[in-house]
Amino acid sequence: MREGLLKGKKGIIFGALNEMSIAWQVALRAHAEGAELVLTNSPVAMRLGTINELAKITGSKVIAADATKMEDIENLLTESMKIFGGKFDFILHSIGMSPNVRKDIPYESTNYENMLKTFDISALSFHRVLQTAYKLDAIKEWGSVVALSYVAAQRTLSGYNDMGDAKALLESIARSFGYIYGRERKVRINTVSQSPTVTTAGSGIHGFDSLVDFSERMSPLGNATAADCADYCVTLFSDLTKKVTMQNLFHDGGFSSMGMSLKAISQYQKSFDECDCDEKKSDIY
Ligand SMILES: NC(=O)c1ccc[n+]([C@@H]2O[C@H](COP(=O)([O-])OP(=O)(O)OC[C@H]3O[C@@H](n4cnc5c(N)ncnc54)[C@H](O)[C@@H]3O)[C@@H](O)[C@H]2O)c1
């Protein structure tokens, strides 16, 4: 039997709410590759979700932490270091939430209090985790930190709302801290820009089903699943990617490099064939 890719490595996984969560799949895969884990989520999510089941499967400890609270992050990292017996090797930041998306408040009439919460939960939490880990010198040399992002950081996708801005900030934090961590600690920091994936957070996006379908038709390799994402994250936590840092890595079946695909255009054409839309037909030629 081959040795696990993460044998002997220890890491913290944020954001496993239920078995649909991308973080859930990453935890399963990292465990299967030999990693020792601490799982964390906000106290509310721990009550509503099923993280304790995941902890049982993976033999992990669970520590509650609201990622917007500095004292929670400090407690999480300090307690994790006690559990691991010192520094650890990797972190997965898999956290996203927009009150504007949840309340269906459109971008053009945003509520700024909500928008600040979106940034705080979905992006500044990453800075908070990195800053605290830096202060505690918690991550080993050649360790790896990954946060999950989406192509809406670079391109406008209808309905993604202020989460697009939050993802742009998240990716920028990965670069800014990536420089400091690389220079001072030999630790790498990257974001993985994942295909739309059916999860609790994903399904909250307006028009999500159509987005998944469109993305599937546009991507030459099809959408990447949560399990595919877990495979990719494991390579980034492993020693096989030691010199990859400060990157936003698209993990999307090729979507981000496409303009129009045969599958998408034939579906688009069908919508005109099926209805009496002569006006619209003439518009596109
Ligand atoms: N699902 C998709 O289509 C998709 C695509 C690209 C990127 N992503 C990103 O993947 C990540 C994980 O999302 P997911 O799709 O697995 O959905 P999910 O709902 O399973 O995970 C989101 C997690 O964020 C946690 N969270 C929210 N507020 C928090 C807080 N204050 N403190 C700590 N944790 C908090 C939730 O409890 C939940 O576990 C997010 O960053 C999301 O933006 C998702």
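The values are calculated or read from the model by the stated rules, or taken from the named source; none is laboratory data. No experiment lies behind these values; they were computed from the predicted model shown. Here Cβ is always computed from backbone atoms with ideal geometry, including for glycine, and neighbour counts include all displayed protein chains.
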Please specify each residue of region 217-260 satisfying the condition of being more than 30 Å from residue 3 (Cβ to Cβ), of a type in the set (Gly, Ala, Ser), out of contact with any Ser or Thr (no Cβ under 6 Å at 6 or more places or on another chain) and surrounded by fewer than 16 Cβ atoms within 10 Å (Cβ to Cβ).
-> 257, 259
Could you please let me know if residue 195 is in contact with an Asp or Glu (Cβ under 8 Å, 6 or more places away or on another chain) and over 24 Å from residue 10 (Cβ atoms)?
-> yes
Residues in region 248-255: is at least one at pLDDT 95 or above and part of a helix (DSSP H, G or I)?
-> yes
Could you look through region 174-201, keep only residues that are more than 11 Å from the ligand (Cβ to nearest atom), among the β-branched types (Val, Ile, Thr) and surrounded by 20 or more Cβ atoms within 10 Å (Cβ to Cβ), and pick out the one that is farthest from residue 96 (Cα to Cα)?
-> 187
Residues that are touching a Phe, Trp or Tyr at 6+ places or on another chain (Cβ under 6 Å) and not in a strand (DSSP E or B), drawn from region 7-24 | 16
Considering region 132-169 alone, what residues qualify as being of a type in the set (Ser, Thr, Tyr) and closer than 30 Å to residue 88 by Cα?
-> 132, 134, 144, 149, 150
Looking only at region 67-80, which residues are touching a Phe, Trp or Tyr at 6+ places or on another chain (Cβ under 8 Å) and not in a helix (DSSP H, G or I)?
-> 67
Check whether at least one residue in region 89-97 is under 18 Å from the mean Cα position of the chain (by Cα) and small (Gly, Ala, Ser), and report yes or no.
-> yes
Does region 152-163 hold any residues that are within 21 Å of residue 189 (Cβ to Cβ) and either more than 8 Å from the ligand (Cβ to nearest atom) or hydroxyl-bearing (Ser, Thr, Tyr) (or both), and which are they?
-> 152, 153, 154
So which pairs qualify, if the first residue must be in region 184-198 and aliphatic (A, V, I, L, M), the second must be away from the ligand (no atom under 15 Å from the Cβ) and at pLDDT below 95, the Cβ gap must be under 8 Å, and the two must be at least 6 apart or on different chains?
-> none
Restricting attention to region 102-132, which residues are among the hydroxyl-bearing types (Ser, Thr, Tyr), over 14 Å from the mean Cα position of the chain (by Cα) and under 24 Å from residue 14 (Cβ atoms)?
-> 118, 132
Among all residue pairs at least 6 apart or on different chains, which show Cβ distances below 7 Å where the first residue, located in region 22-50, is free of Cβ contacts under 8 Å to residues at least 60 places away in the same chain and near the ligand (Cβ under 8 Å from one of its atoms) and the second is charged (D, E, K, R) and not in a strand (DSSP E or B)?
-> 42/66
Sort out which residues of region 137-170 are surrounded by fewer than 22 Cβ atoms within 10 Å (Cβ to Cβ), part of a strand (DSSP E or B) and in contact with a strand residue (DSSP E or B) (Cβ under 6 Å, 6 or more places away or on another chain), and write them in order of number.
-> 140
Output the residue which, of all residues in region 205-245 that are β-branched (Val, Ile, Thr) and assigned to a helix (DSSP H, G or I), is modelled with the lowest pLDDT.
-> 212
Of residues in region 86-121 being of a type in the set (A, V, I, L, M) and over 22 Å from residue 51 (Cα atoms), the one farthest from the ligand (Cβ to nearest atom) | 105
Which of (1) more than 11 Å from the ligand (Cβ to nearest atom); (2) outside any loop (DSSP other than H, G, I, E, B); (3) closer than 24 Å to residue 138 by Cα; (4) touching a Leu at 6+ places or on another chain (Cβ under 7 Å) is the odd one out, the single condition residue 83 does not satisfy?
-> (4)
Which residue, of 98, 109, 80, is under 16 Å from residue 169 (Cβ atoms) and either without any contact (Cβ under 8 Å) to a residue 24 or more places away in the chain or of a type in the set (Gly, Ala, Ser) (or both)?
-> 98
